[in-house]
2 protein chains.
Amino acid sequence: MKLSRQFPLNALRVFEAAARLLSFTKAGEELGLTQTAVSYQIKLLEDTIGEPLFLRRPRQVILTDAGERLAPKISQAFETIGDAIASTRSQSDGTLIIHTTATFASRWLAHHIGTFQLENPHIAVRMETSQETIDFSKTEADVAIRSSKSGIWPGLRSHFMMKSHFTPMLNPKLAESVGGINHPADLLKVRIIDASDPWWRLWFLAAGVTEIDLAARPTSRFGGIQAFEAAAAIAGHGVAILKPEFYTDDVALGRLYQPFDLLASDGSDYWFAYPETRRNSPKIRAFREFMRKMMPTFRD
Amino acid sequence: MKLSRQFPLNALRVFEAAARLLSFTKAGEELGLTQTAVSYQIKLLEDTIGEPLFLRRPRQVILTDAGERLAPKISQAFETIGDAIASTRSQSDGTLIIHTTATFASRWLAHHIGTFQLENPHIAVRMETSQETIDFSKTEADVAIRSSKSGIWPGLRSHFMMKSHFTPMLNPKLAESVGGINHPADLLKVRIIDASDPWWRLWFLAAGVTEIDLAARPTSRFGGIQAFEAAAAIAGHGVAILKPEFYTDDVALGRLYQPFDLLASDGSDYWFAYPETRRNSPKIRAFREFMRKMMPTFRD
DNA sequence: CTGCATGGATCAAGAGGACTTATCCATGAA
DNA sequence: TTCATGGATAAGTCCTCTTGATCCATGCAG
């Protein structure tokens, strides 16, 4: 059976307005309905309650005792509902949940999010990190930042943020200790941090160095988590293959050194995504504009 | 625009159940809907709020932060509404508003209503008196007792209660003071209380007395309000034309005397009426059964 | 008193929204 | 693996609800 039959909520909504305004016509105006509709709904409600709620006097309606008793409680209930929805909406509007990779979070977001918060003091940011790409219907998140080749996901709108290119980086002291890194082959003088990282092969390929057996080399394995590899490189344990955009600070502080301008790419890029249906949500819109401003390579 | 669009109350109702049971299927069962309908309504609500309320995990749904915040308030609001309706219904069920004539109220109801209240202790009785026939849509009333010729009113169900016949009555001492009232013509020895009352003409007609010019006689006028005429008769001011059923007490107490068995009628009868649509209302049903029992001439 | 404005009731017709049925999919359990 | 569970999706149906027209009663102004 139809729910509205068992529990005529819309009729109650109409009743509330009519009882407050003591006029079917005015109630209709307030609710965007015709007077006819109001009359119909009130009668419906009276039928289900089994009591008349209004006395129909010419040119005015007045509440019966039953109506008089019912009205204030109904008003209050709808006020509760209205408040609840409004506060849910505003509180949710007030919290932006960002899902991103650990590296992007620590290397880019952590440095820039302060600006976003200064510009949007009413939006709290909650950051979640995960390696896997998330499903917005299964995970509580407003936006996600992921590395991917295409940036096309069904139901999601996505924006290109930056190319995911990489280059070897190491502690400058380590470079000096082996007499400097002037040619790609010089890299082999130091330990390769996680030589199993597929990026290495791609970079050496781009550099024209093909005859290296990376698999044979001593290596430290970090499961491809860039942040760990970077930490090892900073500590002088070897040379890591990193995204230089993420380590400009470390370069400036002399903790890392990028020996070559050459950048290689595995074809993946960084994308920013959110559900298509929520593209106009204020907080998502605000974050999108922030990203557009802060990231020169951002594209619609 | 449709009200349910602006304010998806039914969707909220569904959400409330789903949030409480943490299952769309169970919510559907509770509300008498299919799981599909629940899914549809929840999505509708999420669209209007602009926030996901549930995370769809395989074989279970869980509330998002937003849903978690919304649910308790909505539950409470619906509880308020449910209580309000229930209490309106029960309180209204608990008060029976009877509209009747002053005479019937004072002469019959007042004597018998105690029995009704003993039998129905949870029903409070409110009595309103009025001369005019009332309009249930304009006057707050559950049942009405009226004198009328046909007992047929559109939209009302009515029951015949008693014939509205009448006969002269006077204080026995007054009767003695004129040597007794043995023939209709003897009535002319005493003052006729409200000779302008049309009942007198009808009664004399029934008694075969035609050659009386009532208009010419000294009279007291009470506007046809029987209770006033009766009071005057009891006080010994003259003879009144009354419904004997209403004055059995006064006859028993020796305050009134009915000299003739002859009863005349103007064709009106006493009817008991209420809106057809409310015939099954418990309080109306209770009162109808009471009337049926107390009034031998009651007819369906 | 007459005519107008106001506010509600009633009616028929039609739109569109709320459901249903059928089907599919993913997962956890046996 | 197969089955059971719980939800999503698509398409179609039914009927609630809205609309617009019309009518009625009353209060008010002239």
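Could you go through the stretch B:223-239 and let me know if any residue there is among the polar types (S, T, N, Q) and either within 30 Å of residue A:44 (Cβ to Cβ) or touching a strand residue (DSSP E or B) at 6+ places or on another chain (Cβ under 9 Å) (or both). There is at least one residue in the stretch B:223-239 that is among the polar types (S, T, N, Q) and either within 30 Å of residue A:44 (Cβ to Cβ) or touching a strand residue (DSSP E or B) at 6+ places or on another chain (Cβ under 9 Å) (or both). Among the numbered conditions (1) within 14 Å of chain B (Cβ to nearest Cβ); (2) within 24 Å of residue A:245 (Cβ to Cβ); (3) in a loop (DSSP other than H, G, I, E, B), tell me where residue A:137 comes up short. So residue A:137 meets the others, but not (2). Scan the stretch B:100-107 and tell me whether some residue there is within 14 Å of chain A (Cβ to nearest Cβ) and in contact with a helix residue (DSSP H, G or I) (Cβ under 9 Å, 6 or more places away or on another chain). No.
Counting only helices (runs of 4 or more DSSP H) that fall entirely inside the stretch B:214-300 and contain at least 3 residues that are out of contact with any Gly (no Cβ under 9 Å at 6 or more places or on another chain) and buried (at least 18 other Cβ atoms within 10 Å of the Cβ), the qualifying elements are B:226-234, B:282-294. Every condition in (1) over 30 Å from residue A:34 (Cβ atoms); (2) within 11 Å of DNA strand C (Cβ to nearest atom); (3) exposed (fewer than 15 other Cβ atoms within 10 Å of the Cβ) is met by residue B:6 except one, and the failing one is (1). As a summary of the residue check, residue A:132 satisfies the conditions (1) among the acidic types (Asp, Glu); (2) crowded, with 18+ Cβ neighbours inside 10 Å; (3) modelled with pLDDT under 85 except for the one numbered (2). Would you confirm whether any residue within the stretch A:65-85 is under 45 Å from the mean Cα position of the chain (by Cα), within 10 Å of DNA strand D (Cβ to nearest atom) and small (Gly, Ala, Ser)? For the stretch A:65-85, residues under 45 Å from the mean Cα position of the chain (by Cα), within 10 Å of DNA strand D (Cβ to nearest atom) and small (Gly, Ala, Ser): absent. Take the conditions in contact with a strand residue (DSSP E or B) (Cβ under 8 Å, 6 or more places away or on another chain), modelled with pLDDT of 90 or more and aliphatic (A, V, I, L, M) and apply them to residue B:74. Does it pass? It is false that residue B:74 is in contact with a strand residue (DSSP E or B) (Cβ under 8 Å, 6 or more places away or on another chain), modelled with pLDDT of 90 or more and aliphatic (A, V, I, L, M). Take the residues of the stretch B:141-170 that are among the polar types (S, T, N, Q) and farther than 19 Å from residue B:290 by Cβ: which is surrounded by the fewest Cβ atoms within 10 Å (Cβ to Cβ)? So, considering only residues that are among the polar types (S, T, N, Q) and farther than 19 Å from residue B:290 by Cβ, the one surrounded by the fewest Cβ atoms within 10 Å (Cβ to Cβ) is B:150. Only one of the listed residues (B:33, B:70, B:55, B:63) is crowded, with 16+ Cβ neighbours inside 10 Å and closer than 24 Å to residue A:31 by Cα. That residue is B:70. Screening residue B:157 on (1) part of a loop (DSSP other than H, G, I, E, B); (2) in contact (Cβ under 8 Å) with a residue 40 or more places away in the chain shows it passes everything except condition (1). The single condition from (1) within 16 Å of DNA strand D (Cβ to nearest atom); (2) touching a helix residue (DSSP H, G or I) at 6+ places or on another chain (Cβ under 7 Å) that residue B:139 fails is (2). Residue under question is residue A:18, and the condition is that it be within 16 Å of DNA strand D (Cβ to nearest atom), crowded, with 18+ Cβ neighbours inside 10 Å, under 45 Å from the mean Cα position of the chain (by Cα) and more than 8 Å from chain B (Cβ to nearest Cβ); does it hold? Taking the combined requirement at face value, the residue satisfies it.
The values are calculated or read from the model by the stated rules, or taken from the named source; none is laboratory data. This is a predicted model, so every value here is computed, not measured. Note that we place each Cβ from the backbone using ideal geometry, even for glycine, and neighbour counts take in every protein chain shown.
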